[in-house]
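The structure appears below as structure tokens.
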Amino acid sequence: MDQSQLSGLTNFIWNIADDVLRDVYVRGKYRDVILPMTVLRRLDAVLEPTKRAVLDMKAALDRENIVHQDDALRSASGQAFYNTSQFLLRDLKSRASQQALRDDFEAYLDGFSPNVQDILTNFEFRNQIPRLSKADALGQLIEKFLDSDLNISPYAVNGKPALDNHSMGTMFEDLVRRFNEANNEEAGEHWTPRDAVRLMANLMFLPVAEKIESGTYLLYDCACGTGGMLTVAEETLQAIGKKHGKQIATHLYGQEINAETYAICKADLLLKGDGDAADNIVGGPAHSTLSNDAFRSREFDFMLANPPYGKSWKGDLERMGGKKDLRDPRFVIQHAGESDYSLITRSSDGQMLFLANMLSKMKHDTPMGSRIAEIHNGSSLFTGDAGQGESNIRRWIIESDWLEAIVALPLNMFYNTGIATYIWVLSNRKPEKRKGKVQLIDATQWFKPLRKNMGKKNCELSPEDIQRITDTFLAFEKSEQSKIFPNAAFGYWKVKVERPLRLHSQLSRQRIEALRFASGDEDIRSVLFDELGDALFDNPASVRKELELLLDAWDKADSDGDDEEYAEEITKKALPEGKKKKLLNEATWRRDAMLLDVATRLRDALGDALFVDHNVFLARVDEALKELGRKLSAVDLKQIVSAVSWRVEDAPEVIKKIHKPGKSKSDPLRGLYEKQIDGKTCVVEYEPDPELRDHEQIPLLEAGGIEAFIRREALPYTPDAWIVEADTKIGYEISFSRHFYKPPKLRTLAEISADILALEQETEGLLSEITGGTKHEIQN
């Protein structure tokens, strides 16, 4: 059937919606009825010749009390589906009442095989029947789909040509596309433009076109939507096989969480006569690819997808046990000497996990291995710090030498977003010329504008654009739009750089007093202290009742009369239960009282003199505590010391650890310093100052490595800095803007002067009058 005939069929069905559903549904909901009805009409026409055989087989199976009837009924129908009801659609036209029509139509639907039932359930088509029946539209709808001018049967009828499976699939896809484009605010979620899909298929198949042999190939889409990517991929692979004289069989596999798009995908494959492929599509709300992988033991030859980006996967994460307990081998792997190398990304965006899922399904024991093409937005290139999930995924891919290329697509390619998008091309069988290298292609300027926008989509890739990008990829040569880099060019070390803590200390009354509210919430505790006095610290149990009343009334302060000043002091927001519980905890008040008491006793023992060397201060405090017979926990001691100490830029360094003589060598770059202590030369480590802590991002290709970079870029400005090698992490990011950015060309002074002169002449001397009547000549 030619394209004009197919378009005529699509237009006819498209118009049914306006004829029957206009006053029953809003336009955006027409698809909820038209798509499943199109599927039903096609299946009904396909099953009509074998209807009697199916009914006879059903009766025989029931007589023999056979429970598992599916295979036998499929055989009787000659298809991958069947209907065991007594009706064909045309039998329902003559029903006398809407109730009889509704009952028989529901019985007709109930007769379909489980795979069709799955489609109807996910279309939620049964939910539409009461509405259609009440509006007296169900009969009209069936009549329209049985119209003699509409033949979507595989057989010629009344001079109307037959519609083969491939043409039916094409027509159904066109119908889906029209609905998607009509509802462009939702289209991009489930519909990838065909121009982008064709480019993906080219990038995935053409590099290995000469190597494809006769045989069976498995294709997979982990976020398959309506199945368009799988369809285009299959067509492209079959065309390559035909061109090279190869006999190729394909098996399609997909998973989709959205119920309606899953139903469309499965229906599309059934309509094309590919029942086996339809059975390999798994979906619905219970079948998230991330938390419920439907193909755990499968490996695939070719994989492609456009996963959701910027979409939270927090629900999946919780179903998988949370970040700490997640042990899925797709996302916690062995790499770089780590047995629990985590690929787990932020819960706010799970797009990179779909790529990790596909990487886990690559074939490693076949000559061609596996090839992948996947679309991502720009955050996939750089989001995630070194050691975090996104960066770890990039590192795993690049260090495994699987990334062939990334192609930057034009902006506004998709229906519901204008953001930058990229095609990642991966293979675990890189050709020799690509090994150890990554190609970046800037195709942002290769597009054809649309005559009319479709949502955010205002351009498309013409066949010439697709060919140009494909040729650039296959050529693997450097140009203005094609850059080639060694793998390591995208990697970096994230190095922690520390500087020593330098403190002065003084046991002054003012600083000690701050310990009264060391447990936090000083604003609240100070008000409570003003109300309840020392008893709050000395014997909190004695004022507990008053404390409870104050906290209960915290957000009920009355601003009238004598309570006005008090009302201004306390916040009118209700206290969180956790904070209220802490304020009622007597242990917190007693601890603050203890800290205040110990600090006061230390002041009595050491005085309030200024200690300019914090090391001396710590030693004196330790001695005083022993004399007082007080033993503090490390946390309590730190609380007191922090309260009475402050940073001073030129104070002596605070010593964290003294190494025994001869046990360690001085290495200032790594925080080991030589120092005289009690007349002996020792190697010491300094306490790092968190406020001065910094991190340097050092390229893996840095000449001389980390040490050379630090000596050149850090030590000349901060000579007391050192690095913490144990905390060094490796990260990977890919910056298109850095490699392809073109600064705008600045205008010359001559051009600017010419513009100013022209403007002055245009205003006929007004500028000269405003500036005093003197006209200044501008020299070039």
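Computed over the range 248-297, the percent of Cα pairs more than 11 Å apart is 65.
Loop-resident GluC sites (Glu not before Pro) (DSSP state other than H, G, I, E or B) in the range 421-516 with no more than 12 further Cβ atoms inside 10 Å of their Cβ: E477, E480. Under 23 Å Cα-Cα from K675, which lysines qualify once same-chain neighbours fewer than 8 residues away are excluded? The qualifying lysines are K656, K657, K660, K663, K665. Once you reduce the range 369-398 and the range 646-672 to the center of their Cα atoms, the two points are 40 Å from each other. Database remark: amide H of Y686 closer than 5 angstrom to the amide H of K656 (H placed geometrically; neighbours at sequence offset of 5 or more, or on other chains; Pro and chain starts carry no H). With a Förster radius of 60 Å applied to the beta-carbon distance between T681 and T748, the computed FRET efficiency rounds to 0.35. Gyration tensor analysis over the Cα atoms of the range 146-281 returns equivalent ellipsoid semi-axes of 26, 21, 14 Å (largest first, whole Å). Surface exposure of the chain, expressed per residue as accessible area with a 1.4 Å probe, stands at 49 Å².
Considering just Cα atoms, how many Å³ per residue does the convex hull of the range 268-340 enclose? Intermediate values should be presented prior to the final figure.
Numbers: hull volume 11.1 nm³, N = 73.
Dividing the Cα hull volume of the range 268-340 by its residues yields 152 Å³.
Net charge of the neighbourhood of R95, taken over other residues with C-beta under 13 Å away and scored Lys/Arg +1, Asp/Glu -1, is -3. In this structure, the residue pairs whose Cα-Cα separation is over 29 Å, taken from K456/K494; K363/K435; K478/K729, are K456/K494; K478/K729.
How many times 2.2 N^0.38 Å is the alpha carbon radius of gyration of the range 592-748? Let's see the in-between values first.
On the way: Rg = 22.7 Å, N = 157, 2.2 N^0.38 = 15.0 Å.
Against the empirical 2.2 N^0.38 Å value, I get 1.51 for the range 592-748.
Compute the relative contact order of the chain as a whole-number percentage, counting only Cα pairs closer than 8 Å that sit 6 or more residues apart in sequence.
On the way: 1184 pairs, mean separation 77.7, N = 780.
Dividing the mean separation by the residue count of the chain yields 10 percent.
Using Stokes-Einstein with the Kirkwood hydrodynamic radius over Cα pairs, what translational diffusion coefficient do you get for the range 50-185 at 4 °C and a viscosity of 1.567 mPa s, in µm²/s rounded to a whole number? For these conditions, the coefficient is 76 µm²/s. At a 1.4 Å probe radius, carbon and sulfur cover how many percent of the accessible area of the chain? Heavy-atom surface of the chain belonging to carbon and sulfur, 1.4 Å probe: 48 percent.
When only the heavy atoms of the protein chains count and the probe is 1.4 Å, how do D650, D62 rank by accessible area, highest first? Spell out each step's value before the answer.
On the way: D650 130, D62 75 Å².
Correct descending sequence by accessible area is D650, D62.
Coupling constants for the range 251-266 follow from the phi torsions by the Karplus curve (6.51 cos²θ - 1.76 cosθ + 1.60, θ = phi - 60°), and in residue order they are 10, 9, 9, x, 9, 8, 7, 6, 4, 5, 5, 4, 4, 4, 4, 5 Hz; glycine and proline get x. Projecting the Cα positions of L749, G215, A76 onto the charge dipole of the chain (unit charges on Cβ atoms of Lys, Arg, Asp and Glu, taken about the Cα centre) puts G215 furthest along the positive direction.
With Cα atoms as the point set, the range 334-421 shows a radius of gyration and Dmax of 14.2, 43 Å.
Surface calculation, 1.4 Å probe, protein heavy atoms: R590 sits at approximately 110 Å² accessible.
Qualifying trypsin sites (Lys or Arg not before Pro) in the range 226-269, where qualification requires a DSSP coil assignment and no more than 16 other C-beta atoms within 10 Å, comprise K246.
Distances longer than 53 Å among the Cα atoms of the chain: what percent of all pairs is that? All intermediate terms of the calculation are to be shown ahead of the outcome.
On the way: 122939 of 303810 pairs.
So the portion of pairs separated by more than 53 Å is 40 percent.
Shown here for the range 700-750: trypsin sites (Lys or Arg not before Pro) in loop regions (DSSP other than H, G, I, E, B) with at most 14 other Cβ atoms within 10 Å, namely K745, R747. Amide H contacts under 5 Å for A405: V425, Q439, restricted to partners 5 or more places along the chain or on a different chain, H placed in the peptide plane at 1.01 Å from N. Across the range 291-297, coupling constants 3J(HN,Hα) worked out from phi with the 6.51/-1.76/1.60 Karplus curve, θ = phi - 60°, read 9, 9, 4, 7, 10, 4, 9 Hz, and Gly and Pro carry x. Taking every DSSP bridge with both residues inside the chain, close to 70 percent are antiparallel. Under 5 Å between amide hydrogens, built in the peptide plane, is the criterion, and for E256 it picks out C224, V282, G283, G284 among residues at least 5 positions away or on other chains. Sorting H166, H659, H614 by accessible area puts them as H166, H659, H614; the probe is 1.4 Å, largest comes first, and only protein heavy atoms count.
A simple rule links phi to the HN-Hα coupling: the Karplus curve 6.51 cos²θ - 1.76 cosθ + 1.60 with θ = phi - 60°, which for the range 528-533 gives 5, 5, 4, 7, 10, x Hz, with x for Gly and Pro.
The values are calculated or read from the model by the stated rules, or taken from the named source; none is laboratory data. All values derive from a computational prediction rather than experimental measurement. Methodologically, a virtual Cβ is constructed for each residue, glycine included, from the backbone with ideal geometry; neighbour enumeration extends over all protein chains shown. SASA here: full protein model, heavy atoms, side chains in, ligands and nucleic acids out. Shrake-Rupley method; radii C 1.70, N 1.55, O 1.52, S 1.80 Å.
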